[in-house]
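The structure under discussion appears below in the form of C-alpha cells.
The values are calculated or read from the model by the stated rules, or taken from the named source; none is laboratory data. All values derive from a computational prediction rather than experimental measurement. Ideal geometry is used to build each Cβ from the backbone, glycine not excepted, and the neighbour counts take in all protein chains shown. Heads up: the accessible areas ignore ligands, DNA and RNA and are worked out on the full protein's heavy atoms, side chains in. Shrake-Rupley method; radii C 1.70, N 1.55, O 1.52, S 1.80 Å.
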Amino acid sequence: MTGPARRPVPDPVGPGAESVWDYPRPPRLEPVRERLRVVLGGAVIAETEAGFRVLETSHPPTYYLPPDAIVAGALANPRRGGICEWKGQARLFDVRGGDRVAPGAAWTYPAPTPDFTRIAGYVAFYAGPMDACFVGTERVTPQPGSFYGGWITPGIVGPFKGGPGTMGW
C-alpha cells in the first residue's frame with residue numbers, strides 16, 4: 001500500500017511564464033483576448049478573440065469559446081457528461097471537421113454554478129483529438145492523460161496533473 005500523493009516540486013518559472021502551481025483552488029475564470037483557434041480534418045472549426053480560460057492548481061488552462069465562434073455543424077450528438085465540483089453538470093459533443101469525427105472531444109456547461117455563469121454555453125475542446133489548437137500563434141500541447149482538457153503553451157510550466165501517478169495531487 002502506498003501513502004498519500006505528495007504535491008510535486010513545481011518546475012522553475014522563467015520571465016513571462018506562469019506556473020500551474022500558482023493557480024488557485026477553487027479555480028478562477030478570466031477572459032482571453034488572444035485568438036483561440038481549433039482545427040479538425042483540415043478545417044478551422046472554431047475561432048475567437050472573446051474566449052475565457054479556467055485556471056486551477058496543477059492544471060494547464062482550459063479554454064472556452066463562445067458558441068457563435070464555432071462553425072455550424074461542428075458539434076454533434078450532445079449527451080450528458082460528467083459533473084465538475086466547481087462548474088456543475090457538463091454536456092459532451094462529438095466534433096466534426098472536414099472528413100473527421102472526434103467522439104466526445106468537446107464539452108459545455110449549459111447551466112454552470114454561479115461563479116462560472118459567464119461560460120454558460122461556451123465550448124471547450126480536448127486538444128489531443130484535434131489536428132491542432134492555438135492560443136495566439138502558439139500551437140498547444142494537450143494536458144497529459146485523457147480526462148482533463150487543459151491546453152499547454154510554452155509559457156505554462158508544471159508539472160501537470162493528468163498523467164500516471166497524479167490523481168492524488
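Within the chain, which is the longest segment containing none of the trypsin sites (Lys or Arg not before Pro) that sit in a DSSP loop and have at most 11 other Cβ atoms within 10 Å?
34-169
When the dipole is taken about the Cα centre of the stretch 1-142, and only Lys, Arg (+1) and Asp, Glu (-1) are charged at their Cβ, what size is it in debye, to the nearest 20?
The dipole of the stretch 1-142 has a size of about 360 debye.
Probe 1.4 Å, all protein chains in place: accessible area of Val44 in Å², nearest 10?
My reading of the accessible area for Val44 is about 70 Å².
Determine the dipole magnitude for the stretch 1-57: charges of +1 sit on the beta-carbon of Lys and Arg, -1 on that of Asp and Glu, nothing else is charged, the reference point is the Cα centre, and the result goes in debye to the nearest 20.
The calculation lands at about 180 debye.
Roughly how many percent of the accessible protein surface of the chain is carbon and sulfur, given a 1.4 Å probe and a whole-percent answer?
Working: 4680 of 8660 Å².
Roughly 54 percent, rounded to a whole number.
Report the local net charge at Ala90: Lys and Arg +1, Asp and Glu -1, summed over other residues whose C-beta lies under 11 Å from its C-beta.
Within the 11 Å Cβ shell, the charges total +4.
Counting only heavy atoms of protein chains, what accessible area per residue, in Å², does the chain have with a probe of 1.4 Å?
Using a 1.4 Å probe on heavy atoms only, each residue of the chain averages 51 Å².
Can you give the relative contact order of the stretch 1-86 as a percent, counting alpha carbon pairs under 8 Å and 6+ residues apart? Walk me through the numbers on the way to the answer.
Values: 106 pairs, mean separation 20.5, N = 86.
In percent, rounded to a whole number, it is 24.
So how do Met130, Met167 rank on accessible area, 1.4 Å probe, biggest first, that is with the largest at the start?
Met167, Met130
Consider the candidate values (1) 10, 39, 36, 12, 2, 0; (2) 11, 34, 28, 18, 8, 1; (3) 9, 29, 31, 20, 9, 2; state which one is P(r) over Cα pairs in 10 Å bins from 0, in percent computed from the structure displayed.
(1)
When only DSSP loop residues count, what GluC sites (Glu not before Pro) in the stretch 47-127 have their Cβ near at most 15 other Cβ atoms within 10 Å?
Passing sites in the stretch 47-127 are Glu49, Glu85.
Below 13 angstrom from the Cβ of Ala76, what's the summed charge of the other residues (Lys, Arg +1; Asp, Glu -1)?
+3
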